[in-house]
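The structure appears right after this line, and notes come after that.
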Amino acid sequence: MRLFMTLIAPLLGWIAFRLFHLPVLKRSEAKHRFVMKLFRYAADYGSVRALSVYGHLLHFRGEGINNRIQGLIYLQRAADKGDSKAAYQMGKIFEVGYQNYPADPAKAVKYYRQAAESGHILALRRMVDICNKGELEQKKSDTDAAYWLDLLDADRD
């Protein structure tokens, strides 16, 4: 049964994403609860997209500190599975710290780098700043800054 659920998790995540953006019943509490259940189910069974979206919804729009922390858990799982948006957000979280996630410059750079390597524009800009200014306990490096700037320029074209 677990294998079956793991296989259909991306489909459930896709359905939840489509329902979430559907303009019908935009303010419906029942629709919201149903979509959030679908996202959670898909996320718990390994859908990377569902992990990312559910984590963002919980952390940035959740009510109460427990939902926000739970959102970070989902975001970190998504980032660890290669989601660039989640990796960028985790970089921001580890840069300044949040509740159970203390500031950790090494982890912040790790997640920013991961997101930048995937082509995330904001992460590329942040990596340029980190290398130019020597932020987050990194040595100032013009060659690294030029590397990230080249990727940023290539992504704009």
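The values are calculated or read from the model by the stated rules, or taken from the named source; none is laboratory data. Only a predicted model underlies this, so the values are computations on that prediction, with no experimental measurement involved. All Cβ positions, even for glycine, are placed from backbone atoms using ideal geometry, and neighbour counts span all protein chains on display.
Taking the listed residues Asn67, Asn132, Asn100, the one that is in the same structural domain as Arg40 (by TED's automatic domain parsing) and either hydrophobic (A, V, I, L, M, F, W, C) or at pLDDT below 95 (or both) is Asn67, with no other qualifying. In summary, Leu136 fulfils each of the numbered conditions (1) in a helix (DSSP H, G or I); (2) in contact (Cβ under 8 Å) with a residue 40 or more places away in the chain; (3) not small (Gly, Ala, Ser) with the single exception of condition (1). Answer yes or no as to whether Arg18 is under 26 Å from Ala116 (Cα atoms), out of contact with any helix residue (DSSP H, G or I) (no Cβ under 8 Å at 6 or more places or on another chain) and surrounded by fewer than 16 Cβ atoms within 10 Å (Cβ to Cβ). Against the criterion (under 26 Å from Ala116 (Cα atoms), out of contact with any helix residue (DSSP H, G or I) (no Cβ under 8 Å at 6 or more places or on another chain) and surrounded by fewer than 16 Cβ atoms within 10 Å (Cβ to Cβ)), Arg18 does not qualify. Residues satisfying the criterion are present in region 81-104 (criterion: farther than 30 Å from Lys37 by Cα and assigned to a helix (DSSP H, G or I)). Residues in region 37-57 that are farther than 22 Å from Phe4 by Cβ and either modelled with pLDDT under 90 or touching a Leu at 6+ places or on another chain (Cβ under 8 Å) (or both): how many? So the count comes out to 3. For Lys110, the criteria (1) at pLDDT 90 or above; (2) over 17 Å from the mean Cα position of the chain (by Cα); (3) not assigned by TED's automatic domain parsing to the domain that holds Ala9 hold in every case but one, which is (2). Considering only residues that are surrounded by fewer than 20 Cβ atoms within 10 Å (Cβ to Cβ) and without any contact (Cβ under 8 Å) to a residue 24 or more places away in the chain, which ones fall in region 73-88? Residues satisfying the conditions are Ile73, Asp80. Against the criterion of being free of Cβ contacts under 8 Å to residues at least 60 places away in the same chain, surrounded by fewer than 21 Cβ atoms within 10 Å (Cβ to Cβ) and either out of contact with any Ser or Thr (no Cβ under 7 Å at 6 or more places or on another chain) or in the same structural domain as Arg33 (by TED's automatic domain parsing) (or both), Gly91 does not qualify. Among the residues here, Ala50 does not qualify as crowded, with 24+ Cβ neighbours inside 10 Å, within 12 Å of the chain's Cα centre (by Cα), assigned by TED's automatic domain parsing to the domain that holds Tyr111 and touching a residue at least 24 places away in the same chain (Cβ under 8 Å). Would you say Gln70 is in a helix (DSSP H, G or I) and buried (at least 18 other Cβ atoms within 10 Å of the Cβ)? It is false that Gln70 is in a helix (DSSP H, G or I) and buried (at least 18 other Cβ atoms within 10 Å of the Cβ).
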